[in-house]
Amino acid sequence: MNVFSEIAKVRQRLGEARRLGKTVGLVPTMGSFHDGHLSLIAKAVADNDEVVVSVYVNPAQFGPTEDFDGYPRDIDRDVRLAARQGATIVFAPADSEMYPVGHRTIVSPETIAKALCGKSRPGHFDGVATVCAKLFNIIRPDRVYMGLKDYQQVLVVRQMIRDLDFDISVVAVPTVRDAEGLALSSRNRYLSEEERLAAYCLPRALADAQALLERGVTDVSLVRRKVLEQVDENGLVELEYLSFCDPHTLVEVESIQGDTLVAIAARVGRARLIDNCVLKAGELAASRRSAGSGGC
Ligand code: AMP
């Protein structure tokens with residue numbers, strides 16, 4: 001496996017691969033790998049001849065009071081794990097390589113980027129879109145692999161790919177969770193044992209919402225009220241949002257009629273955690289029928 005920190009070198013290596021007709025998959029990450037990252041890499045390895053894993057804690061997507069400085073970094077371990085998973089290249093540039101003095105251009109996605117996390121993290125998706133556009137131009141992948149845990153990020157990047165005519169398909173990979181259902185995240189390392197236990201209320205909230213909707217409740221305000229009764233029983237969880245919205249536009253819904261994204265964000269101690277699930281209208285209707293509720 002090759003490790004590169006310079007754009008020119010990784011381009012040269014990939015130029016050779018492309019001349020041989022090889023396909024290239026890109027897994028963009030901020031490193032500090034867990035099994036969620038590894039599932040993306042495994043999928044990319046299964047689909048492509050060359051797999052580039054980028055490891056870059058992108059300062060442009062952190063707000064001034066966020067955890068950029070303290071974000072966990074362990075490049076040696078990441079390189080080992082990526083190699084073991086079958087990746088062929090790790091690209092780990094320095095800030096001076098990605099944003100040299102004089103860098104002035106920001107890719108600023110609209111609409112979808114302003115909902116959910118975009119409200120509490122102004123500029124975050126500008127940073128994500130900018131670094132992804134740069135990585136796409138550097139690596140020129142056929143496919144990019146992204147986790148559905150960051151559902152909004154997948155939508156933002158898909159929109160950017162369409163709008164800026166990148167010839168890349170996005171492969172969205174299901175969320176990997178621990179035994180209690182907590183979505184794996186590099187930020188879970190910030191949690192004390194007590195906070196980790198408290199954080200389990202996030203996947204429980206999603207499961208509770210799903211159960212209510214499967215029982216035929218369609219009124220979002222009712223579902224929200226019931227779900228929120230279970231969140232933050234011990235004061236360690238500060239809810240940022242619990243949203244029920246259209247999974248394509250992220251427009252909030254008041255009544256569940258079609259496919260629905262249920263998305264949650266909360267602070268638990270130092271960690272800001274997000275999670276979501278997409279409820280399919282057809283599956284909800286089938287569960288309601290089998291539960292004998294007669295549907296909605
Ligand atoms: P990050 O390093 O947190 O920026 O994440 C890099 C990629 O891994 C993103 O596409 C994330 O959506 C994805 N990812 C993060 N956590 C998980 C998880 N628990 N399951 C699946 N993918 C994940």
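Any chance you could count how many residues in the range 209-232 are under 22 Å from the mean Cα position of the chain (by Cα) and either acidic (Asp, Glu) or modelled with pLDDT of 95 or more (or both)?
Of the residues in the range 209-232, the ones under 22 Å from the mean Cα position of the chain (by Cα) are 209-210.
Remaining after also requiring either acidic (Asp, Glu) or modelled with pLDDT of 95 or more (or both): none.
Total satisfying the criteria: 0.
When you go through Arg121, Arg143 one by one, which is the residue that is in contact (Cβ under 8 Å) with a residue 40 or more places away in the chain, basic (Lys, Arg), touching a Ser or Thr at 6+ places or on another chain (Cβ under 6 Å) and crowded, with 17+ Cβ neighbours inside 10 Å?
Details: Arg121 fails: touching a Ser or Thr at 6+ places or on another chain (Cβ under 6 Å).
Sole residue among the options that is in contact (Cβ under 8 Å) with a residue 40 or more places away in the chain, basic (Lys, Arg), touching a Ser or Thr at 6+ places or on another chain (Cβ under 6 Å) and crowded, with 17+ Cβ neighbours inside 10 Å: Arg143.
Does Glu97 meet the test of being modelled with pLDDT of 95 or more and more than 20 Å from the chain's Cα centre (by Cα)? Write out each step before concluding.
Details: modelled with pLDDT of 95 or more: yes; more than 20 Å from the chain's Cα centre (by Cα): yes.
Here the answer is yes, as Glu97 does meet what is asked.
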Seminar exercise, completed: Okay, helices (runs of 4 or more DSSP H) sitting entirely in the range 5-119 with 2 or more residues that are within 25 Å of Arg270 (Cα to Cα), I get 35-47, 75-85
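If we scan the range 208-221, do we find a residue that is in a loop (DSSP other than H, G, I, E, B) and either touching a strand residue (DSSP E or B) at 6+ places or on another chain (Cβ under 6 Å) or within 16 Å of the ligand (Cβ to nearest atom) (or both)?
First, pick out the residues of the range 208-221 that are in a loop (DSSP other than H, G, I, E, B): 215-218.
This time we only want the ones that are either touching a strand residue (DSSP E or B) at 6+ places or on another chain (Cβ under 6 Å) or within 16 Å of the ligand (Cβ to nearest atom) (or both), so: 218.
Yes; the residues of the range 208-221 include at least one that is in a loop (DSSP other than H, G, I, E, B) and either touching a strand residue (DSSP E or B) at 6+ places or on another chain (Cβ under 6 Å) or within 16 Å of the ligand (Cβ to nearest atom) (or both).
Out of all the residues in the range 53-69, which are touching a helix residue (DSSP H, G or I) at 6+ places or on another chain (Cβ under 8 Å) and not β-branched (Val, Ile, Thr)? Break it down into steps so the answer makes sense when it comes.
From the range 53-69, those touching a helix residue (DSSP H, G or I) at 6+ places or on another chain (Cβ under 8 Å) are 53-56, 58-63, 67-68; that's our starting set.
Residues satisfying the conditions are Ser54, Tyr56, Asn58, Pro59, Ala60, Gln61, Phe62, Gly63, Asp67, Phe68.
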Seminar exercise, completed: When Leu135 is run through (1) in contact (Cβ under 8 Å) with a residue 60 or more places away in the chain; (2) touching a Ser or Thr at 6+ places or on another chain (Cβ under 6 Å); (3) part of a loop (DSSP other than H, G, I, E, B), the failure sits at (3)
For this session: Taking Val79 as the residue in question, decide whether it is within 16 Å of the ligand (Cβ to nearest atom) and among the aliphatic types (A, V, I, L, M).
Result: yes
Seminar exercise, completed: Of the conditions (1) of a type in the set (Ser, Thr, Tyr); (2) under 14 Å from the mean Cα position of the chain (by Cα); (3) within 16 Å of Leu250 (Cβ to Cβ), the single one that Thr111 does not satisfy is (2)
For this session: Please enumerate the residues belonging to the range 169-210 that are within 19 Å of Asp67 (Cα to Cα) and of a type in the set (Ser, Thr, Tyr).
Result: Ser185, Ser186, Tyr190, Ser192
Exercise. Residue check, Ala44 against (1) out of contact with any strand residue (DSSP E or B) (no Cβ under 9 Å at 6 or more places or on another chain); (2) within 16 Å of the ligand (Cβ to nearest atom); (3) at pLDDT 95 or above; (4) more than 18 Å from Ile7 (Cβ to Cβ), all met but one. Which one?
Worked result: (1)
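Looking only at the range 64-100, filter to residues that are farther than 19 Å from Pro141 by Cα and in contact with a strand residue (DSSP E or B) (Cβ under 7 Å, 6 or more places away or on another chain); which one of those is surrounded by the most Cβ atoms within 10 Å (Cβ to Cβ)? Show your work before the answer.
Pass one, the range 64-100, residues farther than 19 Å from Pro141 by Cα: 64-81, 84, 94-97, 99-100.
Restricting the remaining residues to those that are in contact with a strand residue (DSSP E or B) (Cβ under 7 Å, 6 or more places away or on another chain) gives 75, 78-79.
Values: Ile75: 14, Asp78: 22, Val79: 19.
Out of the qualifying residues, it is Asp78.
Can you tell me which residue in the range 146-158 is farthest from the ligand (Cβ to nearest atom), limited to those that are closer than 30 Å to Lys9 by Cβ and touching a residue at least 40 places away in the same chain (Cβ under 8 Å)? So that I can check it myself, show each step before the final result.
Let us first name the residues in the range 146-158 that are closer than 30 Å to Lys9 by Cβ, namely 146-147, 150, 153-154, 156-158.
Still in the list and also touching a residue at least 40 places away in the same chain (Cβ under 8 Å): 146-147, 150, 156.
Working: Met146: 4, Gly147: 2, Asp150: 4, Val156: 11 Å.
Residue satisfying both the conditions and the ranking: Val156.
May I ask you to list the residues in the range 268-281 that are exposed (fewer than 15 other Cβ atoms within 10 Å of the Cβ) and either modelled with pLDDT of 80 or more or within 18 Å of the chain's Cα centre (by Cα) (or both)? Full working, then the answer.
Pass one, the range 268-281, residues exposed (fewer than 15 other Cβ atoms within 10 Å of the Cβ): 270, 278, 280-281.
Correct list: Arg270, Val278, Lys280.
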Problem set entry | Pick from the range 159-186, criterion surrounded by fewer than 18 Cβ atoms within 10 Å (Cβ to Cβ) and in a helix (DSSP H, G or I), ranking: nearest to the ligand (Cβ to nearest atom) | Gln159
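Could you tell me which residue of the range 18-41 is nearest to the ligand (Cβ to nearest atom), considering only residues that are surrounded by 18 or more Cβ atoms within 10 Å (Cβ to Cβ) and closer than 14 Å to Ile139 by Cβ? Full working, then the answer.
From the range 18-41, those surrounded by 18 or more Cβ atoms within 10 Å (Cβ to Cβ) are 24-33, 36-41; that's our starting set.
Within this subset, residues satisfying the condition of being closer than 14 Å to Ile139 by Cβ are 24-29.
Working: Val24: 17, Gly25: 13, Leu26: 11, Val27: 7, Pro28: 6, Thr29: 4 Å.
Top of the filtered list is Thr29.
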Exercise. Pairs, please: C-beta under 8 Å, at least 6 apart or cross-chain, first residue at positive phi and in the range 32-54, second small (Gly, Ala, Ser) and within 8 Å of the ligand (Cβ to nearest atom)?
Worked result: Ser32/Ser186
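The values are calculated or read from the model by the stated rules, or taken from the named source; none is laboratory data. Worth saying up front: this structure is predicted, and the values here are computed from it rather than measured. Note that we place each Cβ from the backbone using ideal geometry, even for glycine, and neighbour counts take in every protein chain shown.
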